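The values are calculated or read from the model by the stated rules, or taken from the named source; none is laboratory data. Because the structure is predicted, anything quoted here is derived from the model rather than measured. Cβ placement follows ideal geometry from the backbone for every residue including glycine, while neighbour counts extend to all protein chains displayed. Accessible surface areas use protein heavy atoms only, side chains included; no ligands, DNA or RNA. Shrake-Rupley method; radii C 1.70, N 1.55, O 1.52, S 1.80 Å.
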Amino acid sequence: MRVTQQDIAKIASVSQATVSRVLSGDDKVEPAIRNRVMEVMRTHNYQPDVRARSLRNRRTGLVGLVLNRPSGSLSDDPFFAGLIGEIIDFLSGKPYHLCLDMVSSEAGQSAIYDEMLRTRRVDGLILVESEARDHRILRLQQDNFPFVLIGNPLTSDQIHSVDNDNVLAGELATSHLLDNGYRRVGILAGRTGVTVSDDRIAGYQRAVRGRQEDHLIFHSDFGAKAARETAMGVLSRPDAPDALVVLDDFMAMGVVSAARACGKRIPSQLGLVSFNDTNLCDLLDGGLTSVSLNMREIVSRSCDRLLRIIEDGASVTERRSIVPCQLRVRGSSRREVHA
């Protein structure tokens, strides 16, 4: 016979309400009681009726994440693989699961958000890669739909967001290269209008002000292939930079490929610093210097905030949360300092 929630409550010597609170992830349940209930559920292979619970509380138990990338472009990108993995790990054991959607155009992105808001097939959304004029945020605010932004909201201090100080991160990466003797430091950023890219450019500009005459700012589409194409043009110039701050590790791999094609040795002829501190950093001889964003903490704070908004939005008063970043120095930026 199928084990019911009443059976679990009787075996664990608790009320049915306590079992419900354990299943809903209520932090107020005493750890010893929670562990006892969970052990009974495991022993008796209890599986809650998701459909019945959804009808009762009018929730789907799904958290949405929409990524805007060309088809096939995520297969080699460890940042998004890590992001998705961290979200799944956080939700494990909680009454929520990740609903992931991929789009490859702005029109497709608008359509998927319209569909999500119309059908309410997810209870809340994690947003990434915000833009200066982000229509997603406006639409979600208009619908009073639960969401948390991983990024800089720019336009409002009322948006729930978790982020690094990317201006400071850009300044940190650039100053490191200047301190290590590079004279013409540039930055290979993403598309104009993407806030994480724009913030890191602002940090770059702050670092080079008064230390080098030219501000060498270059833009590329996301991904290693696009970054390689852009870097080929940059590194072939007569006044090419002798060091680059690159938006992320994946794009930095494209710059490494371009440097090899142009006959430039790293780090003696081209210094590199990037962001995300992924496993790609170990693919370069001596390692790739990268800024660690502490993605696990970013995801943990974002998901925790989103679930609290879904459960009891009115009680969540904090808005913006900043997670410290850290420069991980490796061989790609270690050139002898010279006068």
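Numbers for the structure displayed
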quantity	calculated
Flag if Arg183 is open to solvent by 10 Å² or more (accessible area, probe 1.4 Å), in a helix (DSSP H, G or I) and not polar (S, T, N, Q)	no
Candidate set: the range 186-212, residues that are without any contact (Cβ under 8 Å) to a residue 40 or more places away in the chain and buried (at least 17 other Cβ atoms within 10 Å of the Cβ); chosen: the one farthest from the chain's Cα centre (by Cα)	Gln212
Filtered residue count, the range 255-276, keeping only those that are open to solvent by 10 Å² or more (accessible area, probe 1.4 Å), in a loop (DSSP other than H, G, I, E, B) and in contact with a helix residue (DSSP H, G or I) (Cβ under 7 Å, 6 or more places away or on another chain)	5
Per-region count, the range 170-195, residues under 19 Å from Arg328 (Cα atoms) and among the β-branched types (Val, Ile, Thr)	3
Unique residue being more than 14 Å from the chain's Cα centre (by Cα), open to solvent by 50 Å² or more (accessible area, probe 1.4 Å) and more than 17 Å from Ser302 (Cα to Cα) when the list is Asp76, Asp101	Asp76
Pro238, sole failed condition from (1) farther than 11 Å from Ala189 by Cα; (2) modelled with pLDDT of 95 or more; (3) not polar (S, T, N, Q)	(2)
Qualifying residue in the range 295-313 (condition: free of Cβ contacts under 8 Å to residues at least 12 places away in the same chain and open to solvent by less than 50 Å² (accessible area, probe 1.4 Å))	no
Residues within the range 114-137 that are of a type in the set (Gly, Ala, Ser) and surrounded by fewer than 19 Cβ atoms within 10 Å (Cβ to Cβ), tallied	1
Restricting the range 138-154 to residues that are assigned to a helix (DSSP H, G or I) and surrounded by fewer than 21 Cβ atoms within 10 Å (Cβ to Cβ), the residue that is farthest from the chain's Cα centre (by Cα)	Gln142
Boolean, Glu318 is more than 15 Å from the chain's Cα centre (by Cα), of a type in the set (D, E, K, R), farther than 21 Å from Val234 by Cβ and in a helix (DSSP H, G or I)	no
Selection count where residues are at pLDDT below 90 and in contact with a helix residue (DSSP H, G or I) (Cβ under 6 Å, 6 or more places away or on another chain), scope the range 306-326	1
Residue within the range 67-81 that is over 30 Å from Ser110 (Cβ atoms) and either at pLDDT below 85 or of a type in the set (Ser, Thr, Tyr) (or both) present	no
Residue match in the range 155-167 (condition: more than 15 Å from Ser321 (Cβ to Cβ), surrounded by fewer than 23 Cβ atoms within 10 Å (Cβ to Cβ), modelled with pLDDT of 90 or more and hydrophobic (A, V, I, L, M, F, W, C))	yes
Filter result for the condition that a residue is modelled with pLDDT of 95 or more, out of contact with any Cys (no Cβ under 9 Å at 6 or more places or on another chain) and surrounded by fewer than 17 Cβ atoms within 10 Å (Cβ to Cβ), over Val337, Val329	Val329
Residue that is nearest to Asp285 (Cα to Cα) [pool: residues in the range 201-254 that are part of a helix (DSSP H, G or I) and of a type in the set (S, T, N, Q)]	Thr230
Pair list, Cβ < 7 Å and 6+ apart or interchain, from the range 1-23 residues that are closer than 12 Å to Tyr46 by Cβ and open to solvent by 60 Å² or more (accessible area, probe 1.4 Å) to residues that are part of a helix (DSSP H, G or I) and at pLDDT below 90	Gln6/Gln16
